[in-house]
Structures are given as C-alpha cells and as structure tokens.
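Participant: Have a look at this one before I ask anything.
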Amino acid sequence: MSDFKPGLEGVVAFETEIAEPDKAGGSLRYRGVDIEDLIGNVSYGHVWGLLVDGRFGPGLPPAEPFPVPVHTGDIRVDVQSAVAMLAPYWGLGQLLDIGDEQARNDLARVSVTALSYVAQSARGVGRPAVPQKEIDKSATIVERFMRRWRGEPDPRHVQAVDAYFISAAEHGMNASTFTSRVVASTGADVAACISSGIGALSGPLHGGAPSRVLHMLEEVERTGDADAYVKGVLDRGERLMGFGHRVYRAEDPRARVLRRTARELGAERFEVAEALERAALAELKARKPDRVLATNVEFWSAVVLDFAQVPADMFTAMFTCARVAGWSAHILEQKRLGRIVRPSATYVGPAPRTPDSVEGWN
Ligand code: ACO
C-alpha cells in the first residue's frame with residue numbers, strides 16, 4: 001500500500017531526452033533549447049524535427065492530398081478517427097516489426113496528415129479543397145496548413161499559429177504523451193499511438209476545454225471592469241481560468257512567449273487581456289499570498305488563437321496539431337526503449353467468494 005501514488009503523481013516512469021518543464025525557473029526547453037529562442041526564429045516544422053530527430057532538418061514533409069474520411073461535426077473526433085484509419089489505409093507496420101527510420105518516417109507522415117485533416121475539416125464540408133498544386137511545397141508547414149484551411153491567409157495569422165504550435169508542441173509527461181507512450185510500448189503502429197494521444201487530450205482536464213478564457217474576456221469587455229469581474233469570480237468560490245498550474249511555481253513560460261506574440265502582432269484583445277491579467281494576479285496574490293498563482297498557457301493561447309481567427313470550438317484540434325510533435329518524439333523514444341509499460345494496482349475488491357454470493361446469480 002505504501003507505494004500507491006494516486007494519479008501516478010511524482011512517479012518517474014521514464015528517462016527522457018526530449019523535454020521536461022523546469023518548475024521553479026519557469027522555463028521550457030526542447031532538447032535543451034529554450035522555447036523563447038525558437039518562437040519567431042524557426043517554424044513549427046523545424047521544431048518537430050528538433051523534438052523527434054534532435055536537429056532542425058529535414059522536419060516534416062508536405063502533406064499528401066488526402067480527403068478527411070469522417071465528418072461528425074467535431075473536428076477533434078474527425079481527426080482522431082481519420083488518423084486511426086491511416087494504419088490499414090497505408091499498410092503501416094507495427095513498431096515492434098519496423099526499424100527506427102521507418103517509424104520516424106511514419107510519424108512524420110501521420111503528423112503532417114493530422115494537420116492536413118484539421119485544416120480540411122475546418123474549411124468545412126462542401127467547400128472545395130484547395131488544389132494541391134496551389135499549396136507551395138517550399139512554404140512552412142504552418143503556411144501550408146493555413147492555406148489549406150483559408151486559401152490566402154493573413155501572414156500575421158500564420159505567425160500567431162506558428163507561435164502557438166511551437167509553444168504547445170511538447171510538455172513532458174502529461175496525460176496524452178503518457179498515453180501515446182503506453183500504446184507505443186505495446187509495439188502498436190504509430191497511427192494507433194497518435195490517435196490514442198488525441199483521445200487523452202480531448203478531456204476537459206487536459207486539452208478539451210481551452211476556450212473558457214475567451215468567455216472571461218468577453219465578460220470584461222461587456223462590463224469594462226476587470227477588478228470587479230475578478231472579485232466576483234473569486235467571491236463565488238470559482239476559479240479564474242488561465243491561472244495556476246500543477247507543475248510551475250513561477251510564470252508558465254508558454255504564457256510569457258505567447259503574451260509577447262500577442263503584443264507584437266497587435267492582437268485586438270491584448271489590452272483587455274492585460275487588464276484582466278493584472279487584476280487577476282493582484283487579487284490572487286492578496287487572497288493566496290503563500291501560493292504562486294501565475295498566468296498559465298491557456299490564458300495567452302486563447303488571445304493568440306482568437307487573434308488568428310481560430311474559432312473557440314477548434315482550440316482542442318489546434319492543440320492536437322501542436323502536440324503531434326511531442327507525441328511523435330516520445331513514441332520514437334519509447335520504441336527505442338522497447339519495454340512494455342505495465343504498472344500494478346493494489347486489489348481492494350471483495351475477498352475470494354463463490355458465484356452464488358454475487359447479486360443476480362440464479
Ligand atoms: N483561481 C482561483 N484560485 C485558484 C486557481 C485559480 N485559477 N488555481 C488554484 N487556485 C487556488 C485553489 O482554490 C486552492 O486554494 P485552497 O488551497 O484554498 O483550496 C489553491 O489555489 C491550490 O489549488 P490546487 O487545486 O491545489 O492547484 P493545482 O495545482 O492542483 O491545480 C490547476 C492546478 C488545475 C491548473 C488550477 O490552478 C486551476 O484550476 N486553474 C484554473 C483552470 C486552468 O487555468 N486550467 C488550465 C491549466 S494549464 C494546462 O493544463 C495546459
């Protein structure tokens with residue numbers, strides 16, 4: 001019983017060379033490189049390369065023309081199902097049976113196709129796909145993503161999405177990454193690993209409810225009084241969305257870089273967000289002086305995605321696009337480790353008994 005750790009909190013299950021948030025210093029480094037040095041200097045496709053290959057090139061290949069096979073009205077579900085279907089469609093081998101290079105190339109192909117599915121699905125059913133020949137192969141992965149979605153995107157929107165994708169590409173042993181690694185550890189194909197990661201990400205405690213910050217901004221815009229809004233939320237015993245973090249005891253570094261991006265791009269909601277953030281931090285400090293409750297990634301990613309005209313119901317799908325990089329890196333690392341993940345549970349159910357003692361036995 002003494003080994004039991006609910007939620008595996010604090011349990012070290014793997015060694016990784018990919019990334020782990022620096023809790024006290026409030027920094028996030030991908031293979032040693034600070035995300036602050038990446039955003040604005042390289043594009044997301046190269047960050048995929050850094051995470052998976054440990055170097056910036058060759059990164060991700062262009063997506064193959066491939067229509068989304070599923071339209072449920074929920075982009076995240078469409079992408080999760082479509083990714084799972086890639087394995088039989090492409091005849092992907094199982095990790096146990098293929099070499100590292102093949103696995104890496106399968107991951108690149110699946111990653112870029114997942115992005116392409118999100119873009120096509122966002123474009124909407126019935127709208128003709130942007131012809132493949134109009135998608136410039138020399139463009140960055142995010143330019144191609146935005147072009148597939150919108151035809152001719154605003155370059156500042158491309159910049160915003162690129163910054164968001166980089167900041168959300170990897171974050172250590174979170175629930176979806178752990179899930180992908182568990183599936184990889186069974187020797188399954190990479191599409192199974194990534195689609196299971198997408199499923200884990202969809203829960204509201206992970207990536208499934210990231211649009212709540214926008215409701216707060218709308219409310220402050222409506223009333224024009226950030227202080228009163230913040231006090232009202234806290235007086236009702238509710239939480240301010242986009243503040244606090246399980247891991248960081250300093251400002252979430254992703255909030256820092258995305259705040260900078262929002263400022264540099266002139267996001268429409270920058271000022272209201274800053275006013276809300278100022279009011280929230282002051283009030284949280286006054287009410288919880290012993291606890292660092294700083295801004296987390298969710299707050300400024302909502303502002304940046306909103307600026308890029310990404311609808312709130314697409315935020316989880318955007319998170320998926322970003323995180324395929326981290327999942328891919330971990331799946332490959334797990335393949336190399338080659339050991340199945342199989343924790344234990346302490347049995348606390350009924351003592352041995354006969355079936356006639358169980359309700360419903362006739
Ligand atoms: N607003 C108000 N009070 C808060 C907040 C907040 N955002 N976050 C924590 N607190 C308070 C709690 O009420 C608690 O007070 P108490 O000790 O008097 O009960 C204290 O701070 C500690 O809170 P915990 O729940 O122990 O903090 P934990 O580390 O478990 O939670 C979490 C982290 C879930 C992110 C929390 O801060 C929260 O709910 N934030 C709001 C939701 C949010 O922004 N989610 C996105 C997180 S980013 C990400 O996951 C990618």
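Participant: Between Thr320, Thr295, Thr316, which is open to solvent by less than 30 Å² (accessible area, probe 1.4 Å), among the polar types (S, T, N, Q) and more than 17 Å from the chain's Cα centre (by Cα)?
Facilitator: On the way: Thr320 fails: more than 17 Å from the chain's Cα centre (by Cα); Thr316 fails: more than 17 Å from the chain's Cα centre (by Cα).
Result: Thr295 is the single residue among Thr320, Thr295, Thr316 that is open to solvent by less than 30 Å² (accessible area, probe 1.4 Å), among the polar types (S, T, N, Q) and more than 17 Å from the chain's Cα centre (by Cα).
Participant: Another question, then. Tell me yes or no: at least one residue of the stretch 18-39 is over 16 Å from Pro253 (Cα atoms), surrounded by 16 or more Cβ atoms within 10 Å (Cβ to Cβ) and at pLDDT 95 or above.
Facilitator: As a first pass, look at the stretch 18-39 and keep what is over 16 Å from Pro253 (Cα atoms): 18.
This time we only want the ones that are surrounded by 16 or more Cβ atoms within 10 Å (Cβ to Cβ), so: 18.
Now narrow it down to the ones that are at pLDDT 95 or above: 18.
Looking for residues that are over 16 Å from Pro253 (Cα atoms), surrounded by 16 or more Cβ atoms within 10 Å (Cβ to Cβ) and at pLDDT 95 or above, one finds at least one in the stretch 18-39, hence yes.
Yes or no, residue by residue, for (1) polar (S, T, N, Q); (2) assigned by the TED database to the domain that holds Ala191; (3) within 19 Å of Val158 (Cα to Cα); (4) in contact with a helix residue (DSSP H, G or I) (Cβ under 9 Å, 6 or more places away or on another chain):
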site: Lys285; (1), (2), (3), (4): no, no, no, no
site: Lys288; (1), (2), (3), (4): no, no, no, no
site: Asn296; (1), (2), (3), (4): yes, no, no, yes
site: Val304; (1), (2), (3), (4): no, no, yes, yes
site: Trp327; (1), (2), (3), (4): no, yes, no, yes
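Participant: So, in the stretch 344-362, how many residues would count as being among the acidic types (Asp, Glu) and part of a loop (DSSP other than H, G, I, E, B)?
Facilitator: To start, the set of residues in the stretch 344-362 that are among the acidic types (Asp, Glu) comprises 356, 359.
Next, only the ones that are part of a loop (DSSP other than H, G, I, E, B) stay: 359.
Of the residues in that region, 1 qualify.
Participant: With the structure loaded, tell me whether Leu284 is within 13 Å of the ligand (Cβ to nearest atom) and under 27 Å from Asp74 (Cα atoms) or whether it fails that test. Let's see the steps before the verdict.
Facilitator: On the way: within 13 Å of the ligand (Cβ to nearest atom): yes; under 27 Å from Asp74 (Cα atoms): no.
In short, no.
Participant: Which residue pairs have Cβ atoms closer than 7 Å, lie 6 or more positions apart in sequence or on different chains, and pair a first residue in the stretch 241-256 that is near the ligand (Cβ under 6 Å from one of its atoms) with a second residue that is of a type in the set (Asp, Glu)?
Facilitator: Met241/Glu298; Gly242/Glu298; His245/Asp252
Participant: Working carefully through the options Gly73, Gly93, find the one that is at pLDDT 95 or above, of a type in the set (Gly, Ala, Ser) and part of a loop (DSSP other than H, G, I, E, B).
Facilitator: Working: Gly73 fails: at pLDDT 95 or above.
On inspection, the qualifying residue turns out to be Gly93.
Participant: When you scan the stretch 169-201, how many residues do you find that are out of contact with any strand residue (DSSP E or B) (no Cβ under 8 Å at 6 or more places or on another chain), among the aliphatic types (A, V, I, L, M) and under 14 Å from Ile18 (Cβ atoms)?
Facilitator: At the first step, the residues of the stretch 169-201 found to be out of contact with any strand residue (DSSP E or B) (no Cβ under 8 Å at 6 or more places or on another chain) are 171-201.
Remaining after also requiring among the aliphatic types (A, V, I, L, M): 173, 175, 182-184, 188, 190-192, 194, 198, 200-201.
Filter again for under 14 Å from Ile18 (Cβ atoms), leaving 173, 184.
Qualifying residue count, the stretch 169-201: 2.
The values are calculated or read from the model by the stated rules, or taken from the named source; none is laboratory data. If you're wondering where the values come from, they're calculated on a predicted model, not measured in any experiment. Neighbour counts are summed over all protein chains in view; Cβ atoms, including those assigned to glycine, are modelled from backbone coordinates with ideal geometry. These accessible areas exclude ligands, DNA and RNA; they are computed on the full protein's heavy atoms, side chains included. Shrake-Rupley method; radii C 1.70, N 1.55, O 1.52, S 1.80 Å.
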